[in-house]
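Enquirer: This is the structure I want to talk about, given as structure tokens.
Just so it is clear, none of the values below were taken in a lab; they were calculated from the coordinates. Please read these numbers as outputs of a predicted model, since none were measured by experiment. Glycine also receives a Cβ, built like all others from the backbone with ideal geometry; neighbour counts cover every protein chain displayed.
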Amino acid sequence: SNDVRSDLKHVLYTREEIQQRVTELAQEIDADYQGRDILLVGVLKGAVMVMADLARALHSHVTMDWMAVSSYGSGTQSSGVVRILKDLETDLLGKHVLIVEDIIDSGLTLSWLKANLLSRGPASVEICTLLRKPHAAKVEIDVRYVGFEIPSEFVVGYGLDFAEKYRNLDFIGTLAPHIYE
Ligand code: PRP
Ligand code: MN
Ligand code: MG
């Protein structure tokens, strides 16, 4: 079958469960920022789906900007040294910045990114991630908004890829072993 769904082992979160959780996060964020303007910074490419849904669920005034980053080093293990492939177009001075991510795995990307954005003189920098894996606990990083804590399994969909595929699924699932073995 050429149906992408036949590549999946099981569904972790349905579209409805994701929408429900993203709406809850948006309500929490609106309450915390109390009418202050928010600059949402999405991390390409994984964060596109959560950015689109979170932004539409928020009632605060928001602007959106994007960064693309890449970890140096070979292999599948993130090195923690990050290179900027596409920088923000927005001056962060005095802004309330909310970084939007799809997943925190090792936490190395975000710990570097948060420090980098903090050095640009914003009023505040917080993080919102839809998913967080247990590994992230190893890195000292304060994540204000977490959608779901998930086990250390390889997940795809709703922005998350395997070899650039499966980002377009409207749910989050685990891959069948025959796909990556
Ligand atoms: C993935 C994911 C996070 C990052 C998390 O991005 O979207 O940005 O890895 O990993 P870490 O916590 O171990 O640093 P990836 O580099 O695969 O790029 P992509 O978003 O374009 O898929
Ligand atoms: Mn990413
Ligand atoms: Mg990826």
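Enquirer: Under 11 Å from a label point 7 Å along Cα→Cβ of Glu153: give me every residue in the stretch 1-45 with its amide N that close.
Expert: 9-13
Enquirer: I've got another one for you. Compute the length gained on full extension between Asp170 and Asp32: take 0.36 nm times their separation in residues and subtract their Cα-Cα distance, giving the result in nm to one decimal. Please list the in-between numbers first.
Expert: Numbers: separation 138, 0.36 × 138 = 49.68 nm, distance 2.81 nm.
So the chain would gain 46.9 nm between Asp170 and Asp32.
Enquirer: What do the square roots of 5 times the Cα gyration tensor eigenvalues come to for the stretch 34-181, in whole Å, largest first, as semi-axes of the equivalent ellipsoid?
Expert: On the way: eigenvalues 130, 64, 39 Å².
Output for the stretch 34-181: semi-axes of 25, 18, 14 Å.
Enquirer: Hey, another quick one. Taking the Cα atoms only, what angle lies between the long axis of helix 15-33 and the longest principal axis of the chain, rounded to 10 degrees?
Expert: Helix 15-33 sits at roughly 10 degrees to that axis.
Enquirer: Shifting gears a bit: Quote the charge dipole size of the chain about the Cα centre in Debye, to the nearest 20; the model charges only the Cβ of Lys and Arg (+1) and of Asp and Glu (-1). Don't jump to the answer; show the numbers that get you there.
Expert: Values: 18 positive and 26 negative charges, 65 e Å.
Approximately 300 debye in magnitude.
Enquirer: With +1 on each Lys and Arg Cβ and -1 on each Asp and Glu Cβ, how big is the dipole of the stretch 121-181 about its Cα centre, in debye rounded to the nearest 20?
Expert: Details: 6 positive and 9 negative charges, 7 e Å.
That gives the stretch 121-181 a dipole magnitude of about 40 debye.
Enquirer: Could you give the length gained on full extension between Glu24 and Ser6, defined as 0.36 nm per residue of separation minus the Cα-Cα distance, in nm?
Expert: Working: separation 18, 0.36 × 18 = 6.48 nm, distance 3.08 nm.
Stretched fully, the Glu24-Ser6 segment lengthens by 3.4 nm.
Enquirer: Multiply the residue separation of Met64 and Ser119 by 0.36 nm, subtract the distance between their alpha-carbon atoms, and state the gained length in nm to one decimal. Spell out each step's value before the answer.
Expert: Details: separation 55, 0.36 × 55 = 19.80 nm, distance 1.93 nm.
Result: 17.9 nm gained on full extension.
Enquirer: Would you mind checking which residues have amide H under 5 Å from Ala47's amide H? H placed 1.01 Å from N; only 5 or more apart, or other chain.
Expert: Residues meeting the amide H criterion: Asp102.
Enquirer: Which residue, Ile172, Ser106, Gly147, has the largest displacement toward the positive end of the dipole of the chain when charges sit on each Cβ (Lys, Arg +1; Asp, Glu -1)?
Expert: Going by the Cα projections, it comes out as Ser106.
Enquirer: Can you find, among Thr63, Ala31, Val43, the residue farthest towards the positive end of the dipole of the stretch 1-105? Put +1 on the C-beta of Lys and Arg, -1 on that of Asp and Glu.
Expert: About the Cα centre, the residue reaching furthest to the positive side is Val43.
Enquirer: Counting each DSSP H run of 4 or more residues in the chain as -39500 (n - 2.57), what helix-only mean residue ellipticity at 222 nm follows after dividing by all residues, to the nearest 500 deg cm²/dmol? Show your work: numbers first, answer last.
Expert: Details: 4 runs with 44 residues, N = 181.
Value at 222 nm, helices only: -7500 deg cm²/dmol.
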